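First the structure, in the form of structure tokens, and then the observations on it.
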DNA sequence: CGGCTTGTTGACCTAATTCAACCACGGTGG
DNA sequence: CCACCGTGGTTGAATTAGGTCAACAAGCCG
């Protein structure tokens with residue numbers, strides 16, 4: 001297994017149910033057509049029929065929908081190593097848009113290649129399925145965040161989640177990590193206005209919980225942040241720590 | 001195919017990607033151990049290791065999580081024909097609870113049987129995968145509902161969604177349908193307090209949009225309800241109508 | 001230089017929460 | 001039979017979180 005293969009970050013840091021090198025190679029061979037996107041470019045538009053899915057090699061992407069007055073709700077943030085729209089393989093059309101945040105490199109996988117995989121590689125199939133259910137688990141946590149937390153808690157929760165996910169792919173050292181979203185976009189994640197997000201982030205600074213410098217976040221008090229956000233990262237199914245750290249590997 | 005098989009409602013009313021009778025039979029044979037639950041009984045508890053998944057034969061169930069002060073957020077409502085925790089097959093542990101609302105009949109499917117299916121029936125596998133992604137699509141819509149709509153809109157959206165899903169399984173005639181949740185529980189769906197839900201439902205009555213009688217809802221003005229809730233049911237992937245009604249069947 | 005976007009701050013307003021009292025009801029036990 | 005209680009729903013008054021509108025400052029880019 002070459003270290004420089006495209007899918008090397010796929011499920012990095014996660015419980016991988018014994019994903020084998022040969023399977024990663026199979027996946028890697030299915031991936032083709034690497035291309036670059038600039039900020040705001042879409043790879044999926046709501047309702048459009050899909051014949052390929054997209055793997056995010058580097059950079060960030062978001063899923064979003066737009067309401068009747070043009071307001072946008074961000075439904076998910078994708079980071080390198082994510083299959084951003086593998087959902088489109090079983091669903092064929094998606095109900096939301098997927099677009100680039102900043103500069104992005106993606107790879108495409110044809111649904112024909114995925115069909116071949118599910119016919120010949122049941123174990124790899126289950127792992128791909130699993131990866132789409134990680135998205136669903138994050139969706140549920142976003143429902144919790146919006147339903148039960150106030151503005152301050154929502155931001156704390158989002159920062160904790162993002163930090164942990166970036167740690168899995170070694171883009172966070174546990175303290176400082178990149179934050180590609182503007183305040184306006186973080187507001188669209190958290191279901192509040194950008195004005196109130198500005199005030200909320202000021203409060204976070206005031207409380208010495210985090211520091212924001214341009215495109216990076218530095219966590220000054222992890223426990224305080226996790227407490228305010230009622231964050232428990234078990235739902236991210238990290239390979240180490242939490243409820244899920246036991247007999248996962250090499251089963252099934 | 002006997003009409004009385006347990007899984008007859010599975011994906012009823014949905015785009016089924018050419019689900020064949022033989023495949024439904026295969027699924028039906030994998031299902032066993034029908035049992036009854038009373039109100040509040042749990043089939044999944046957060047973090048618990050699962051070796052079976054649950055198919056809902058009759059009645060209603062909810063997914064939920066509880067916050068640090070004991071407040072509950074409902075993450076999803078399940079209706080007859082839903083595989084309530086098929087997610088647990090790839091994930092092995094879930095991050096939330098699943099419990100009965102009122103009297104319920106369920107059937108269990110062992111993960112061993114599901115493993116056999118994904119090894120021998122790739123097409124059926126994709127359909128099971130698809131069914132879990134319908135849940136994810138609903139999750140996304142719940143994020144939108146909580147992030148972008150006010151209390152009135154959230155209730156309207158939830159009622160429209162529930163009505164459409166029940167129509168798929170012929171439990172709604174398009175006007176009147178059962179609503180198993182109390183006002184308190186609908187409040188836990190919509191992320192508001194039960195006091196405010198009482199006021200919001202009073203407003204809905206005032207506007208002549210819906211009538212509530214005990215465990216049933218009657219829609220008096222569907223368009224008004226859908227407008228307030230900004231509801232567009234495409235994400236439910238109904239077999240008829242909407243963006244998704246074209247060349248779905250019998251492909252793949 | 002001007003014009004754009006992002007973030008900040010202030011004053012005011014509104015939606016929703018909180019706390020409380022209260023009613024209707026369907027048991028359950030005396 | 002009635003007294004009792006717990007649950008679900010309703011209503012009112014006071015409070016608060018967040019939204020709205022507007023002005024302005026700091027980049028940043030053509």
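Would you be able to tell me the number of residues in segment B:32-51 that are within 19 Å of the chain's Cα centre (by Cα) and away from every other protein chain (no Cβ under 12 Å)? Number satisfying all stated conditions: 9.
Only a single criterion out of (1) out of contact with any strand residue (DSSP E or B) (no Cβ under 8 Å at 6 or more places or on another chain); (2) more than 30 Å from residue B:194 (Cα to Cα) is not satisfied by residue B:30, namely (1).
Using the structure shown, decide if residue B:64 is at pLDDT below 95 and over 20 Å from residue B:115 (Cα atoms). Taking the combined requirement at face value, the residue does not satisfy it. Name the residue that is surrounded by the most Cβ atoms within 10 Å (Cβ to Cβ), counting only residues in segment A:104-127 that are more than 9 Å from chain B (Cβ to nearest Cβ) and out of contact with any helix residue (DSSP H, G or I) (no Cβ under 7 Å at 6 or more places or on another chain). Among them, the one singled out is A:104. Pick from segment B:148-166 the residues that are touching a residue at least 60 places away in the same chain (Cβ under 8 Å) and within 13 Å of DNA strand D (Cβ to nearest atom): which of them is surrounded by the most Cβ atoms within 10 Å (Cβ to Cβ)? Per the stated criteria, the residue is B:155. Count of segment B:207-225 residues, restricted to those that are surrounded by 12 or more Cβ atoms within 10 Å (Cβ to Cβ) and part of a helix (DSSP H, G or I), is 3. Within segment A:225-245, being away from every other protein chain (no Cβ under 14 Å) and at pLDDT 95 or above holds for one residue alone: A:225.
Within 30 Å of residue A:121 (Cα to Cα) and more than 9 Å from chain A (Cβ to nearest Cβ): is that true of residue B:157 in this structure? Against the criterion (within 30 Å of residue A:121 (Cα to Cα) and more than 9 Å from chain A (Cβ to nearest Cβ)), residue B:157 does not qualify.
Here the helices (runs of 4 or more DSSP H) wholly within segment B:96-206 that include at least 3 residues being within 30 Å of residue A:97 (Cβ to Cβ), away from DNA strand C (no atom under 15 Å from the Cβ) and modelled with pLDDT of 95 or more are B:122-148, B:151-168. May I ask you to verify whether residue B:60 is in contact with a strand residue (DSSP E or B) (Cβ under 7 Å, 6 or more places away or on another chain) and either within 23 Å of residue A:189 (Cβ to Cβ) or more than 12 Å from chain A (Cβ to nearest Cβ) (or both)? Yes: the conditions hold for residue B:60.
Scanning segment A:69-87 for residues that are buried (at least 22 other Cβ atoms within 10 Å of the Cβ), under 30 Å from residue B:150 (Cα atoms) and modelled with pLDDT of 95 or more returns A:73, A:74, A:75, A:77, A:78, A:84, A:87. If you check B:101, B:189, B:175, B:169 for being within 14 Å of DNA strand D (Cβ to nearest atom) and either surrounded by fewer than 19 Cβ atoms within 10 Å (Cβ to Cβ) or within 14 Å of chain A (Cβ to nearest Cβ) (or both), only one passes: B:189.
When residue B:235 is tested against (1) more than 16 Å from DNA strand C (Cβ to nearest atom); (2) assigned to a helix (DSSP H, G or I); (3) more than 19 Å from the chain's Cα centre (by Cα); (4) touching a residue at least 40 places away in the same chain (Cβ under 8 Å), only condition (3) is not met. Taking segment A:70-91 as the range and being within 24 Å of residue B:230 (Cα to Cα) and more than 7 Å from chain B (Cβ to nearest Cβ) as the test, the residues that pass are A:70, A:72, A:74, A:76, A:77, A:88.
The values are calculated or read from the model by the stated rules, or taken from the named source; none is laboratory data. Keep in mind that what you see is a predicted model, and the values were worked out from it rather than measured. Every residue, glycine as well, gets a Cβ built from its backbone with ideal geometry; the counts of neighbours run over all protein chains shown.
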